[in-house]
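The values are calculated or read from the model by the stated rules, or taken from the named source; none is laboratory data. None of the values given here were measured: they were computed from a predicted structure. Glycine also receives a Cβ, built like all others from the backbone with ideal geometry; neighbour counts cover every protein chain displayed. Accessible surface areas use protein heavy atoms only, side chains included; no ligands, DNA or RNA. Shrake-Rupley method; radii C 1.70, N 1.55, O 1.52, S 1.80 Å.
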Amino acid sequence: MGKLNILTRGIIKENPVLVLLLGTCPTLATTTSALNGLGMGVAAMAVLICSNVVISILKNIIPDTVRIPCYIVVIAGFVSVVQMLLKAYLPALDASLGLFIPLIVVNCIILGRAEMFANKNSVIDSALDGIGMGVGFSLTLTAMGLIREFFGSGTLFDMHIYGGSISPMTIFMLAPGGFFVFAILVAAVNKISNGKAIKKKEFGCESCTLSESCGVGEQEDKA
């Protein structure tokens, strides 16, 4: 697989949110404004890149039986660093994102890339994968934040746009508005790619890469 393909596939072809449908919880919860969406995306991207690199370096050292706990320890370390930096330099953003910064530790995008890519590829490729997936995640959250903030508050990056002439549609700041914008963006990606990006997938424990580690696969086999 070419380096450029690894770097760019996370933006559209395998966008973690709009194609793989991962990280939906922080996507819907933190995109009430463009700044929040961008901040969450960049924070997750920093953790994703760093954890991918470290896990790729340690992939031959980490015992297979405890690889998931080891991944979580590595990710948690970088999340702690990111959170401390936000508290020191961007306290308003840290307060706005709240609990969703620590929850990056169990973000399925980061755990998924560690298991599916960093654990099997070189350091350079893992770093490129982290950058590509992180950019795709950040762009999606920022786009959703822009749309919801514009229609729901009449602002863009906290700058007033309507000028008081039009009443904002506050539903865009609520959960139904978040799901609506999310659905529109998923449909847009599907249209742009002529349906090639959205692949038919099997949902359930059988398709989960972590099913073996949690023991669900063994239970299903016994059943």
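Annotated for segment 1-137: lysine pairs at least 8 residues apart or interchain, Cα distance under 30 Å, count 6.
One decimal place: the segment residue 166-residue 84 gains 25.5 nm when fully extended, by the rule 0.36 nm per residue minus the C-alpha distance. Working ranking of peptides 130-140, 150-160, 70-80 by packing, defined as the average number of other Cβ atoms within 10 Å per residue, highest first, is 130-140, 70-80, 150-160. Normalised by the number of residues in segment 35-161, the average gap of Cα pairs under 8 Å and 6 or more apart makes the relative contact order 46 percent. Fully extending the segment from residue 21 to residue 64 would add 12.8 nm, taking 0.36 nm per residue of separation and subtracting the current Cα-Cα distance.
Please work out whether the chain counts as rounded, prolate or oblate from its C-alpha gyration tensor, where a ≥ b ≥ c are the square roots of the eigenvalues and a/c under 1.5 means rounded, while otherwise a/b larger than b/c means prolate and anything else oblate?
prolate
Projecting the Cα positions of 185, 123, 43 onto the charge dipole of the chain (unit charges on Cβ atoms of Lys, Arg, Asp and Glu, taken about the Cα centre) puts 185 furthest along the positive direction.
For the chain, averaging the sequence separation of C-alpha pairs within contact (under 8 Å, six or more residues apart) and dividing by the residue count gives a relative contact order of 33 percent.
In percent, rounded to a whole number, the relative contact order of segment 1-103 is 24, using alpha-carbon pairs under 8 Å and six or more apart. Assuming charge only on the beta carbon of Lys and Arg (+1) and of Asp and Glu (-1), the dipole of the chain about its Cα centre is about 520 debye to the nearest 20. Applying 1/(1 + (r/R0)^6) with R0 = 30 Å to the Cβ-Cβ distance of residue 192 and residue 92 gives a FRET efficiency near 0.30. Once the 1.4 Å probe is applied to the protein heavy atoms, the chain comes out at 53 Å² accessible per residue.
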